[in-house]
Structure formats: C-alpha cells, structure tokens
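Worksheet: one structure, shown below.
The values are calculated or read from the model by the stated rules, or taken from the named source; none is laboratory data. Treat the numbers as computed from the prediction; the structure is a model and nothing was measured. Cβ: placed from backbone, ideal geometry, glycine included. Neighbour counts: every protein chain shown. In case anyone asks, the SASA skips ligands and DNA or RNA and just uses the protein heavy atoms, side chains included. Shrake-Rupley method; radii C 1.70, N 1.55, O 1.52, S 1.80 Å.
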Amino acid sequence: MIDFKSLDKKWNDYWDKEGLNKFDVKNIDKKYYSLVMFSYPSASNLHLGHWYNYAPADTFSRFKKMQGHEVFAPMGFDSFGLPAENFAIKTGTHPQDSTDRNIKTMQKQLKGIGAMYEPSSYLETSSPEYYKFTQWLFLKLYEKGLAYQKLAPVNFCISCATVIANEQVIDNKCERCSSDVEKREMTQWFFSITKYAEELLEKLDTLDWPSKTVAMQKNWIGKSTGGEISFVLSDASDMSKTDAKIKVFTTRTDTIFGVSYVVLAPEHPLVEKITTKEHKKEVEEYVKKTLKISDIDRQTTKEKTGVFTGAYCLSPVNGEKLPIYIADYCLMNYGTGAVMAVPAHDERDFEFAKKYDLPIKEVIVGAGGQLDSKNNLTITDHRSPTTDHNIPFIEKGTLINSGTYSGLESNKAIRQILKDLEKKGLGQTKTNYRLRDWSVSRQRYWGAPIPIIHCDKCGIVPVPASDLPVKLPYNVVFTKDGVNPLSKCEEFINTKCPKCKKSAKRESDTLDTFVCSSWYYLRYPDANNKKEPFDKKKIASMLPVDKYIGGAEHACMHLLYSRFITKSLRDMGYLNFDEPFTSLVHQGLILGKDGMKMSKSRGNVVNPDLYVDEHGSDIFRMYLMFGFSFIEGGAWNDDGILALKKFLERVYRLVEKVSASIKETPFATLEFNFDLNYAVHYAIKHVNEDLEKLSFNTAIARIMELVNAIYKHIEQNTSLMLVNEANQTLIKLLAPFAPHIAEELHQMMCGDNWEESIFKHPYPVHDEQSLVKFETELAVQINSKIKSKILIPTTATNEEIEKIAISDEKVIEAIAGAKPKKIIIIKDRLVNIIV
RNA sequence: GCCCGGGUGGCGGAAUGGCAGACGCACAGGACUUAAAAUCCUGGGAAGGAAACUUCGUAUCGGUUCAAGUCCGAUCCCGGGCACCA
C-alpha cells in the first residue's frame, strides 16, 4: 500500500509549479471569493481549530473551482496584537521577532493543509505596507467625522494595561486574559459606529448568515422605540429654562399615569443643580460612593440603592408632584440617564419602591380588561390588581386610572399619549440603541500607531497622508510597569506639527487590532498596491465576499466592525456595495477526547501535526469533515481517523484493481448496467447538493456508498468499461476532499494518457434521466401502519397504484375484508389505506 | 431573568410532515490464512418469539394530522449570547 503522506509534497509542488492556485483575472466574470478568517499568530502553531476552519473551507473552494468558478481564496496573518507584546514583556523577545518566527512556522503548517491559497494576495497586518493603509482608513474616518476623541468612561483591563472595547468585555472580564475590567475616565479615540446603527440592523435581514449570529448582532445593536418625555421641575425659579426639565426615555408611555417618582443616574449633570440644601450632603456622599464602586459590583450585588434629592418635578399628563431620586440602577450611558419610575409595571422600579416605601399605582390590567357600554371597566384577567394583585405586571394590557386614556389598549395609548405630549412640547417618539461607539485606542505598542499629532498651538492634527506610514519604532523597551513603550520612546513621540512646524508630540496610542481586520478582505484582491489601499475598480469586480467561513466568536466584534467599515467606505465613495460578506458560515468547535474544551491546563489538546505527520493531510482533513457535523463540531476521537484511512486505502485498492484490469483487457465491451449508472448519478447529485450546503459529512457518506456499489459491481462482473467510468467519476467527486490522493489516483487511472491536474476537470454533473427508475418500491400502510411493500412501475397512475396495493397478498390479509374508506398516495413514498 | 441553538442506538452522526437510525466507528458471525493482522462478505434500536410476526421506541407530558424526530402548547436538561438598556 502506498504511503499517502508522500503524496502531499509531490502534488503541492506540482500545483505551485503549474500555478494552479492562481486567480486568473481573465475569468473575472466567473469569480468566486471564498474567504476564511485569517490566522492570528499569537501562539506558535496552527491548532486544530484552524484546521477545522481551513480544511473544509478549502474543500468548498476546490468544489467551486471544479464547478467552473474562478476561485479567489486568499490567506494572510492578523499579526498585530497584545499576546505578542505580553510575550515580549515576559521573555524579552521583541514582538516583531516572535511574530515573524510564528508566521514562518504557521506558513509551513498552512502549506501542509494543501489548500489552494492565492499566493500573490498574501498579507500581514503588522507590515508597514499594510498598516500604512490602516492608518489611511483612520484618517479618512477622521476626515468624515467618524473618528473622534473624547473623555469618556472606558473599559480598562488592568492586566493588559489598556483600554478595550465594549465588545471585548465578557462578564466584566477581559475577553483576552479573563482578568477584571475597570471603568476609567480617559481620553480615547472612538469610531462612530452608532451612526450606522439603523443600517447595521436593517441590512441583517438581507444576509445569508446563521440566524444565531444575526440575532446576536440585533441584540447587540439593541434598538428600542419609545418616547422621550419631559418632566418639568416643580421649583425651577433659580435655574435656566433649558435646565428646568428632566428628559426621560421610556418604551412604556402607556404607564405614565403610574409614575410615582423620577430617577436620575448618579452621574447625571442635573443632580448637582436640583439637589436641595438639606439633601446635599447625603446626595454627594452617595454619588461619590457609587462612582467609586466599579460597574462590576454595581451589577453583581444588584441590590438597588438610591437617595432622595429633595427636588420634585411635575407629571406632564396630570401635573402630579413627583419626588426626584438618584439611584444606581439608572444608567447614564443609555437613553437620557433618567427614567420615570412606574413601580406597578416595572420590576426594577417595583423593587426600589418597596425598599424606599414609595407609592405603587396600578394603571394597566391584563388583556381581559374592557370598558362596558357605560364606560365602566370590567376586568376579567386573573392577573389584574383587583383580584390577586400580581404585580409588577409588566405586560401590555388595558389602561385604568389613566384619565381620558383609561380603557385604551397599551399600544394605542402609547401613540395617543405621545401625540398629545408632543402638542404640549413635552414629548416625542424616540429610538434608542444599545450599541455604543467603538473604542479603538489601545495603550500598547504592538499595533498600528494612530496617525495623529498633538500640537500645543494647533491641537489635534492628522498626519498628512503623504507622510504615511507612521512607522512603529523597533527600538523600544518592554517593561512590566504597564506603561506603553511607545509613550516612552522619545524619537517616536517628538515630532513637528505638520501645520505650524513647531515641535509637537505624536499620539502614542495604537489602534485596536480589530481595526486592522475590519478591512483586510478589501486588501486581498489588490494586496501589492503601493499607492492606495486598493483599486476601486478591482474591488468593485471582486467584492463582496461570496462565502465567508470562520468562528462564531466574532459575531459582535469583527463581523460587526467590518460591516461598519464597509458602509463608511461606501459612503466615502470607495465601495459600491453595502455588505462585505453575503454568505457566512461558522464551523463548530472541536472538543478534546473528554468532551471538554481543549486547553493546555486540561491536557486534552490534540495536535494536528502529529496526525498529519503520520497519515498525510488528506486523511486528516477528511476525518475532520466526516466525523462531525461541520457547524456543530464535537469531541475528538482517534478511531475516527483510522476509519478514513481505511476508506481511502479502500479507494486506492479499487483504482489499482480497475486500472490493472483495464490494462489487461483494453477493449472491454461497454455493456450498460442500470444499477451502477444509477448509483453513480445518485452520488453525483447528492455530493453536489451537500457540498453546496457545506454538509461535508453526508457528501462523504454518498461517496462511500458509491465505492461500495462499484465493489459490488466488480464482483457481479458488470462491464469493465462502465466500472472504469464510475471510477473516474468517483475520483473527481473525491478530489475536493482529498486533493493530493485524488491527483495521484487520477494519474494512475490515466496512465500514459495523463496530461493535467484533476482540478482542471469539471466536477461531475448528474443526468436526471439516469435517476429515473422503471420500478419504484412503495410502502403500503393500513391505517398508517406499514404492512407491506409493493413494486410499481414508475409511470403508474394513482388508480393503478391503488389496484396494485389492494391486490397485494399481505394487504388483503391485513384489511380482512373491510372496505377502504380513503387511500392516500404519496409519490415515490407510500400508500396509506384507511379502513 | 431575557434571546438564540440543541436533546435521536454502545459511539460519531443521517432523515423536503411520508418506511427513524443513511454513512461510518465499535461489536458479532463467516470467508481467506498454519495462525494473527490486513482484506472481503454478512448481521446489529429494544423487548417477546423457533420463526412468520407482534409490541415499544427520537428528553418528558399533551395536542394537530390519514401520517410527527420534524408542526403547536407546557415542562425538564445541555450549550451559546445578553444581562439594572427603562
């Protein structure tokens, strides 16, 4: 038996030599952009997760290529990032050096997959040729007012010593290092992703994306429509007119008659102004205390606290005097930083009201509440306050105790009340989003420097595009003090102001690596362009990406950021499409043998290299595709890989056998055999359909069936020519899955006539006629229970099928003389006789 | 708490409302072999039965339907996301 391992190099070299992976611009009309998420060289090795993403994706690319598409499948490295820098602090190895080294190893490993990556589009985000344009992107966003600097509370990871984005905070811990995240007030750079909130939300429905990812993004954007309502301060004599109102945001304007107090966030600017003398000390202490407690504690303790400010405001609907509180459960960074509290119909307000003994006014009853002809409310819902006081009742329903609005259904009341308030200038409809602007400043070295200069005279001055890239200096010192090495690098920091030419200082923050990865798919098709990030025309013909395959962990980060960047570049006139990734698929997660997530500490990490070294890449990648449902993943199993080895050896023997016999009897007759022909076309049809859906495991199952069928026909002495033909189809079907082995088998089959790579051949297409059988087997049910099977001519009419079914021996016995009441016939499936 | 997924043999996993368990692993039996391995063939949801066959069976309970793993309602468990968002 041949050593499959030896085939990897042979065919890889051949593909390289022949330029088989090259994208040919001539065929641009048939382009297919097949993208995988590029690798992050933080660890020194390609791990199983990479393989599980890249190998099946390559099978898909090869399938598309054989289908006649001009496939563009690039690969590169997302090579900036914290881990390299942390490694430098720990070991003294410069991030540039460790990154270069890791990339070298990983490139070798990538080669081992045997994937058809386009060689000329290779990129590394940490190379000046690339980050020059990441900086260009920043400047463009700045120019358009989409990048700005502000003092804001940000998430600060103490261990990483840098600010991180909202999206990078998981359970109040850093997404990367899992240590605590602190809220800090810092001047930071932001991208105005919120300006695109509505489009980012809306266009989600046009995408062929996993529904879960769409749901996550929708959730993250968090649109809610409601009203912004003003509560006028009851004693506003000493304040300016604009300050005399508290604006609250609510989605439940229908509950406004149930408001018993108003709450401000402790950070709210009005707090200071409205607090009365008697309450000043208490309020100040409370504000100080809550601001000091990090968000972490504010969330984990959850117990609501607050204090009375001494001030009152007036209900805009009935003029009722309402006390104003400040409380930690009101958040400054959402809505207006103030809420109207309706304890009877909101859980949080209820909890607070109970604790501080505030009135609870019920104004909504369940949907059973109705006005009778005399305008009296009848209540039929069991949850209504008049029966069992099941409050807080947070659902919508019918209004009670709400003046002229009583009796209205909630949704109607919301519209009506807002309309009336608008007339009085005290309210309007308002949409809020949970999405915050993207914080992109990082106080770290190993990233693209933000191309900004701070000048004492001119203020913030962008680096002129002609001066790009702002190069990251190599000679910096990495220390454990948590201070950005760049800020201590004199030769980097000190510069001249481009405007006034006086000495000025460079911005020392670098860009979040997600900025680098938010546009890399635009760079690939024009990766060697020295003048521009990409040529507009080229991109217009190559983008959007047709199939994007990668991990689900990027749902609210990379995938959202990329959509935003695409839209902003479109609005600047650089792109002519709205969405970067029309079709997206996430591969599942491969777990350790123990069914647990792989981790070094658990000691259950599976190293792909060991298996590839032993079996070659085809067996390994086929196991990854056959052993799991692609989008589910699952636990690793060593036996599974042996199964695929067995299968491929079985195919090899088959090809060996058939090509040997063909050599012996080259003029074998071609005698048609329906069954074998059917098996071949059945396999072709399903492998095509399954590959289109990335259902690799079932596609391989169909190929296995074909192999079994061919073996059977050899035994049955079916025409050698036909077997030979079936075999050739088999190898083509197999080619995207096991490219090296398929090339070898193809060469074996062709013998002296071999001319070119199997990937220059079209993928088999099935012939519908070959799948039409003369006879079909139908199951016959009596009262929905299967009693018999019958063979009917495929062309039989329903009447004929009925006749055959009823005259079947077992059916006669089962019916036992009873008269059929109804006969249901499902084409090609079954007959159900109801008696 | 809320929003998504998911729960099918000993195992990985298949099933446009229409014959549950494709394909494979493991297992068992047979062939080949001095023997073993490899290979090739056959069999395997469970229970009962000599067999034909019968009954049960896709987390649980109920419903719709001639027909439910699939649709609907409730419950339990597992995974993921969000989490004081007014």
task = Can you tell me which residue among A:Pro74, A:Pro119, A:Pro56, A:Pro83 is under 18 Å from A:Met37 (Cα atoms) and modelled with pLDDT under 95?
result = A:Pro119
task = Quick one: in the stretch A:627-657, of everything that is under 21 Å from A:Asp594 (Cβ atoms) and touching a residue at least 60 places away in the same chain (Cβ under 8 Å), which residue is farthest from RNA strand B (Cβ to nearest atom)?
result = A:Trp636
Failed criterion for A:Leu624 (all others in (1) open to solvent by 10 Å² or more (accessible area, probe 1.4 Å); (2) more than 30 Å from A:Val723 (Cβ to Cβ); (3) within 12 Å of RNA strand B (Cβ to nearest atom) hold) = (1)
ask   = In this structure, does A:Arg434 turn out to be farther than 30 Å from A:Thr125 by Cα and within 37 Å of the chain's Cα centre (by Cα)?
value = yes
key: Top-ranked residue of the stretch A:712-723 - restricted to ones that are in contact (Cβ under 8 Å) with a residue 12 or more places away in the chain and within 13 Å of RNA strand B (Cβ to nearest atom), ranked as least open to solvent (accessible area, probe 1.4 Å)   = A:His713
key: For A:Phe23: the one exception among (1) in a loop (DSSP other than H, G, I, E, B); (2) of a type in the set (Phe, Trp, Tyr); (3) touching a His at 6+ places or on another chain (Cβ under 8 Å)   = (3)
Scope the stretch A:552-590; condition aliphatic (A, V, I, L, M), in a loop (DSSP other than H, G, I, E, B) and under 11 Å from the mean Cα position of the chain (by Cα); matching residues = A:Ala555, A:Met557
key: Tally of residues being of a type in the set (S, T, N, Q) and within 16 Å of RNA strand B (Cβ to nearest atom) across the stretch A:564-596   = 1
ask   = Out of the stretch A:455-475, which residues are open to solvent by less than 50 Å² (accessible area, probe 1.4 Å) and over 18 Å from A:Leu511 (Cα atoms)?
value = A:Cys455, A:Cys458, A:Gly459
task = Run down A:Ala660, A:Ala726, A:Ala709 and say which single residue is within 12 Å of RNA strand B (Cβ to nearest atom) and either in contact with a helix residue (DSSP H, G or I) (Cβ under 6 Å, 6 or more places away or on another chain) or open to solvent by 10 Å² or more (accessible area, probe 1.4 Å) (or both).
result = A:Ala709
Output for the stretch A:591-615, where each listed residue is loosely packed, with under 13 Cβ neighbours inside 10 Å and within 25 Å of the chain's Cα centre (by Cα) = A:Gly595, A:Met596, A:Lys597, A:Ser599
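I need the strands (runs of 3 or more DSSP E) fully contained in the stretch A:292-367, keeping only those with at least 1 residues that are open to solvent by 20 Å² or more (accessible area, probe 1.4 Å), within 8 Å of RNA strand B (Cβ to nearest atom) and at pLDDT 90 or above.
Once the strands (runs of 3 or more DSSP E) in the stretch A:292-367 are filtered for at least 1 residues that are open to solvent by 20 Å² or more (accessible area, probe 1.4 Å), within 8 Å of RNA strand B (Cβ to nearest atom) and at pLDDT 90 or above, what remains is A:338-341.
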query = If you take the residues in the stretch A:663-681 that are part of a helix (DSSP H, G or I) and open to solvent by 80 Å² or more (accessible area, probe 1.4 Å), which one is nearest to RNA strand B (Cβ to nearest atom)?
reply = A:Asp675
Tally, over the stretch A:165-200, of residues that are open to solvent by 70 Å² or more (accessible area, probe 1.4 Å) and within 17 Å of A:Tyr433 (Cα to Cα) = 1
Qualifying residue in the stretch A:536-551 (condition: of a type in the set (Ser, Thr, Tyr), within 26 Å of A:Thr99 (Cβ to Cβ) and either surrounded by fewer than 21 Cβ atoms within 10 Å (Cβ to Cβ) or touching a strand residue (DSSP E or B) at 6+ places or on another chain (Cβ under 7 Å) (or both)) = yes
